[in-house]
Amino acid sequence: MRVAVVGSGYVGLTTGVGLAYLGNQVTCVDIDKQKILALREGQLPIYEPGLSELLQMASDNLSFTSDYQEAVPSADVVFIAVGTPALLDGGPNLDYLKSAALKIGQNLGEGFTVVVNKSTVPIGGGNWVEYLISEAFKSQNGYKPEDNYSVASNPEFLKEGSALYDTFYPDRIVVGSNDQRATDILTRLYRPIIEQDFMPPPFEPRPQGLKSVPFITMDLTSAELVKYAANAFLALKISFINEIAVLAEKVGADVQQVANGIGTDTRIGRRFLQAGIGWGGSCFGKDTAALLTIARDYGLEMPVIEAARSVNYQQRQRIIEKLLQELKILKGKKVGLLGLAFKPNTDDLRDAPSFQIAKGLLEKGAKVVAHDPVALGRAEREWYDLNIEFTKDIQLVFEDADAVVLVTEWDEYRHLAYGRLKASMRTPIIIDGRNFLQRDRLQDLGYRYLGVGR
Ligand code: UGA
């Protein structure tokens with residue numbers, strides 16, 4: 001099939017490259033000309049494991065352009081995967097979505113096209129995009145579009161860092177549409193994933209026993225709500241365990257054992273019960289805020305979601321409180337940070353807990369030295385006005401430090417030469433913000449180890 005993907009961020013690129021690998025002719029469109037030039041050279045604007053290799057493998061089926069005219073008129077399916085970042089009031093900024101919809105409308109071809117919202121859009125976003133396309137088509141051609149397109153919602157559930165795995169082996173695919181023709185076309189497009197009959201890329205093998213993927217169809221509005229509800233539920237699951245972690249610390253329980261004890265109940269499930277600094281990233285914060293804004297439009301409060309947010313942001317503060325408790329005075333103290341990205345295997349810094357932690361420490365007069373295996377360059381560029389000392393040398397994070405905080409659970413931090421590093425610290429305090437390090441080993445080495453909820 002011929003596919004156009006508008007927006008070359010995490011979602012757009014992964015979708016485009018994945019569908020090209022499955023044999024579709026894919027054109028990725030982005031208004032950022034620099035990005036398009038780099039992509040044509042095979043350079044990705046983001047770090048995502050395996051994506052660069054897959055881009056090479058699928059290059060015959062892929063093209064990149066800033067010109068909608070080259071992508072939209074002949075496409076059977078046009079995905080909209082532009083950013084919808086949060087505005088100050090919590091609602092999403094829909095400028096990119098609007099501009100994409102208008103340009104799609106101006107360039108719509110003769111044949112039937114399914115326009116798919118993959119971006120997380122507010123409820124009613126699909127209807128709005130449909131209207132914008134129609135208006136743009138009319139002003140371009142002088143007459144109304146004649147039933148030659150339909151807007152569907154296909155919410156994205158991929159996680160950064162495992163985006164390709166989630167694309168090829170998703171738990172489910174959800175399609176919301178009020179037009180059977182659109183559902184049929186998307187069923188055809190996703191058939192290789194639904195039936196799991198494609199040859200897996202060598203670096204992303206099919207999980208054992210996976211024979212098919214549920215394909216769930218519903219009306220447009222329900223699919224839009226699925227996306228928000230899924231992210232809000234995951235966010236609140238994490239906040240729930242973090243709230244239990246606070247109590248566990250008080251009563252002397254170990255939250256990891258508690259998580260194991262409750263997670264084995266299949267109704268609860270083990271995943272997303274990892275207590276720690278809390279969630280960050282571009283999705284949970286933005287989507288929970290958007291959900292609250294949407295609810296307010298209908299005169300509703302959503303106290304459960306509000307609580308999940310407030311618990312989450314307190315977790316970051318708690319790290320500073322722990323340091324204050326240990327060091328008493330932060331002025332003039334050096335605190336090392338291991339990890340800046342909001343989670344491992346990505347260089348994404350959006351809503352990263354490291355930012356608030358570093359900022360809070362700096363405001364209290366501490367010196368902050370930070371390392372990250374992948375996100376350092378990005379942090380230096382994006383957080384240039386924050387007085388963090390960035391280093392590629394882990395030794396410098398520990399040297400003369402009064403405490404070190406593990407913020408992101410990058411694998412390489414598990415096996416550092418902790419014995420040698422301890423010798424260079426002023427006081428050997430480690431705060432393990434992700435309950436990730438080997439507590440017993442560190443304690444044997446003489447560290448004062450503090451996890452979260454244990
Ligand atoms: C999240 C969802 O998991 C995806 O399904 C969704 O498609 C995506 O948002 C989106 O809306 O685009 P992502 O933000 O990439 O994906 O990352 P997650 O793996 O969900 O992690 C989010 C945050 O939660 C991270 O900061 C992570 O460290 C934290 N987390 C996760 C915990 O603190 N505890 C856990 O048990 C799990």
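The values are calculated or read from the model by the stated rules, or taken from the named source; none is laboratory data. Worth saying up front: this structure is predicted, and the values here are computed from it rather than measured. No Cβ is skipped: glycine too gets one built from the backbone with ideal geometry, and neighbour counts run over all protein chains shown.
Figures for the structure shown
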| quantity | calculated |
| --- | --- |
| Where a residue in the range 138-164 is closer than 21 Å to Gln106 by Cα and in contact (Cβ under 8 Å) with a residue 40 or more places away in the chain and its partner, wherever it lies, is among the polar types (S, T, N, Q) and within 16 Å of the ligand (Cβ to nearest atom), with Cβ under 6 Å and at least six apart | Ser153/Asn117 |
| Subset of the range 304-341 (residues that are in a loop (DSSP other than H, G, I, E, B), in contact with a helix residue (DSSP H, G or I) (Cβ under 7 Å, 6 or more places away or on another chain) and not basic (Lys, Arg)) | Leu330, Gly339, Leu340 |
| Search result, residues across the range 254-283 that are touching a helix residue (DSSP H, G or I) at 6+ places or on another chain (Cβ under 8 Å) and away from the ligand (no atom under 12 Å from the Cβ) | Asp254, Val258, Ile268 |
| Single residue of the range 419-454 satisfying the filter (surrounded by fewer than 22 Cβ atoms within 10 Å (Cβ to Cβ) and among the aromatic types (Phe, Trp, Tyr)) that is farthest from Leu324 (Cα to Cα) | Phe436 |
| Count of residues meeting criterion [in contact (Cβ under 8 Å) with a residue 60 or more places away in the chain, of a type in the set (A, V, I, L, M) and either in contact with a Phe, Trp or Tyr (Cβ under 7 Å, 6 or more places away or on another chain) or more than 23 Å from Lys118 (Cα to Cα) (or both)] in the range 272-289 | 2 |
| Residue within the range 424-431 that is among the polar types (S, T, N, Q) and either at pLDDT below 95 or closer than 30 Å to Pro49 by Cβ (or both) present | no |
| Residue within the range 257-274 that is over 25 Å from Thr408 (Cα atoms) and in contact with a strand residue (DSSP E or B) (Cβ under 7 Å, 6 or more places away or on another chain) present | no |
| Breaking point among (1) modelled with pLDDT of 95 or more; (2) surrounded by 22 or more Cβ atoms within 10 Å (Cβ to Cβ), for Leu102 | (2) |
| Condition check for Glu301: within 24 Å of Ile394 (Cα to Cα), at pLDDT 95 or above and among the acidic types (Asp, Glu) | no |
| Qualifying residue in the range 172-181 (condition: under 23 Å from the mean Cα position of the chain (by Cα), assigned to a loop (DSSP other than H, G, I, E, B) and within 16 Å of the ligand (Cβ to nearest atom)) | yes |
| Pairs, first under 18 Å from Gln314 (Cα atoms) in the range 223-235, second more than 10 Å from the ligand (Cβ to nearest atom), C-beta under 6 Å, six or more apart | Ala232/Thr288; Ala232/Leu291; Ala232/Ile305; Ala235/Thr288; Ala235/Ala308 |
| Residue count for the range 40-56, restricted to those that are more than 21 Å from the chain's Cα centre (by Cα) and not polar (S, T, N, Q) | 3 |
| Meets criteria (more than 15 Å from the ligand (Cβ to nearest atom), assigned to a helix (DSSP H, G or I) and under 16 Å from Ala235 (Cβ atoms)) for Ala289 | no |
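Listed here are the residues, each with its yes/no results for (1) within 18 Å of Glu306 (Cα to Cα); (2) crowded, with 20+ Cβ neighbours inside 10 Å.
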position	(1), (2)
Ala229	yes, no
Ala259	no, yes
Gly263	no, no
Arg267	no, no
Gly276	no, yes
Gly280	yes, yes
